[in-house]
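Trainee: Pasting a structure here, questions to come.
Each reported figure results from applying straightforward, stated rules to the coordinates on display, with no laboratory input. Predicted model only: the values in this text are computed from it and were never measured. Please note: Cβ atoms are built from the backbone with ideal geometry, for glycine as well, and neighbour counts cover all protein chains shown.
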Amino acid sequence: MCVQKVAAILLGTIGLAGVVHAQATNPILSHADPFITYDPVTRDGQYVLTATGRDITLWSGPTPATASATAHVIFTPEDGMTQTWSPTLWKMDGRWWVYFTAQMPGEKHKIYVLQSDTDDVLGTYTFKGALETGRQSIDPSLLVVGNLRYLMYVTVDSGANNTYIRKLKRPMKFDGEASLIAHPEAGWEKGEGSTRNYPVNEGPTALYHNGKTFIVFSASDTASPRYCLGLLTLTGRDPMVPMNWKKTLQPVFQWSPANGIYGPGRGTFAKAKDGSMWLLYAAKTSDAPNAERRETRAQRVTWNADGTPNFGVPKKDGPIKP
């Protein structure tokens, strides 16, 4: 890869829906696979959002629902790199790190890494190369338990998409082997009710609340209108032990034909300045069995009496209630 540093380019407001007005409107971004910073991270209190696209782009805005207000390209692939999917963004050791999926000519999907050159999340980044997992892997994301960091990722070389975690010694170095914590078992994880029945547990994203640790994951074929979110709850201390994760028996967030939303997946979370929790997710408005026109939407999350998240149902597209 010949590109070592790519300047962050202010592109203005592109690919947006409804964020230039005071009232945010769904969909908020015409890209899939969103990831948003949990808290505002810039000096002027902006959230930073990224998503699947040809370039790695960081959008920023003052609230979770308006986080796509301004776009900054931080990396443009060269040397034949394609399928730059599902970037996530993390502050570690005084720098920002972007983990993303991509494919080089003649190679399988791997996890690649960018490192910020300073502590400015919207500054320049250096391409650090691949973080080798030893298998064809996608959908990297971080889990933090206590003072330990774990990289979650999804293997796609066994006839199903399975979710693993692996302890990180440093942002570019693993500490030990990986552990399988989620694989598709139930019908709703295998496209039940759809013509797209590839078995999937993918897109893992950490969620924390009142001392509880959760992983929200996407289930069923990505192209299926039945693509949905499931939930894992950590029930023991060590996240590397598969038995310490309890999976919900049913989806926790799924299609709503009544509201015109199909295939909701790739959940990501942000805490608003008023303390409310927000879910951003990708979905489409067609029940066609394909992955076209998946766009990012935002809505509030509430909490059940047992401390688990309640995502409700996907809201109709239109103005977002503050």
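Trainee: Of all GluC sites (Glu not before Pro) in segment 189-277, which ones are in loop regions per DSSP and have a Cβ with at most 14 other Cβ atoms within 10 Å?
Mentor: Values: sites: E189, E192, E202; in loops: E192.
Answer in residue order: E192.
Trainee: Roughly speaking, what is the centre-to-centre gap between segment 260-313 and segment 40-69 when only Cα atoms are used, to the nearest Å?
Mentor: Rounded to whole Å, the Cα centres lie 17 Å apart.
Trainee: Could you check the spin-label model distance between T126 and H209? Points 7 Å from the Cα along Cα→Cβ, value in nm.
Mentor: 4.0 nm
Trainee: How charged is the neighbourhood of D274? Take every other residue with its Cβ under 15 Å from the Cβ of D274, and add Lys/Arg as +1 and Asp/Glu as -1.
Mentor: Summing Lys/Arg as +1 and Asp/Glu as -1 gives +3.
Trainee: Right, something else. Please give the net charge around H72, taking every other residue with its beta carbon less than 11 angstrom from that of H72, where Lys and Arg add +1 and Asp and Glu add -1. Walk me through the numbers before you get to the answer.
Mentor: Values: positive: none; negative: D55, D120.
Computed value for this residue: -2.
Trainee: Please list, in order along segment 228-240, the HN-Hα scalar couplings obtained from phi with the Karplus expression 6.51 cos²θ - 1.76 cosθ + 1.60 (θ = phi - 60°), rounded to whole Hz, x for Gly and Pro.
Mentor: 7, 10, x, 9, 10, 10, 6, 10, x, 7, 9, x, 7
Trainee: Over the chain, calculate the relative contact order: mean separation of alpha carbon pairs under 8 Å at least 6 apart, over the residue count, as a percent.
Mentor: Working: 937 pairs, mean separation 48.9, N = 322.
Here the relative contact order equals 15 percent.
Trainee: For the pairs K167/K273; K91/K246; K167/K247; K271/K321, note any where the Cα-Cα span goes beyond 25 Å. Present the calculation step by step, with values, prior to reporting the outcome.
Mentor: Values: K167/K273 31 Å; K91/K246 28 Å; K167/K247 21 Å; K271/K321 15 Å.
Those over the limit are K167/K273; K91/K246.
Trainee: Charges only on Cβ, +1 for Lys and Arg, -1 for Asp and Glu: so what's the dipole of segment 5-316 about the Cα centre, in debye to the nearest 20?
Mentor: Details: 32 positive and 27 negative charges, 88 e Å.
For segment 5-316, the charge dipole is close to 420 debye.
Trainee: Another one. Hey, with R₀ at 41 Å, roughly what FRET efficiency would R43 and T195 work out to, going by the Cβ-Cβ distance, to 0.05?
Mentor: Details: r = 49 Å, r/R0 = 1.20.
According to the calculation, E is roughly 0.25.
Trainee: Which value, in debye to the nearest 20, describes the size of the charge dipole of segment 220-322 about its Cα centre when Lys and Arg Cβ atoms bear +1, Asp and Glu Cβ atoms bear -1, and nothing else is charged?
Mentor: Details: 15 positive and 8 negative charges, 43 e Å.
The dipole magnitude comes to about 200 debye.
Trainee: Towards the positive end of the charge dipole of the chain, with charges on Cβ (+1 Lys, Arg; -1 Asp, Glu), say which of S286, L231, G260 has the farthest Cα.
Mentor: L231
Trainee: R0 = 41 Å: FRET efficiency of M92 with A288, Cβ-based, nearest 0.05?
Mentor: Numbers: r = 40 Å, r/R0 = 0.97.
Efficiency at R0 = 41 Å is approximately 0.55.
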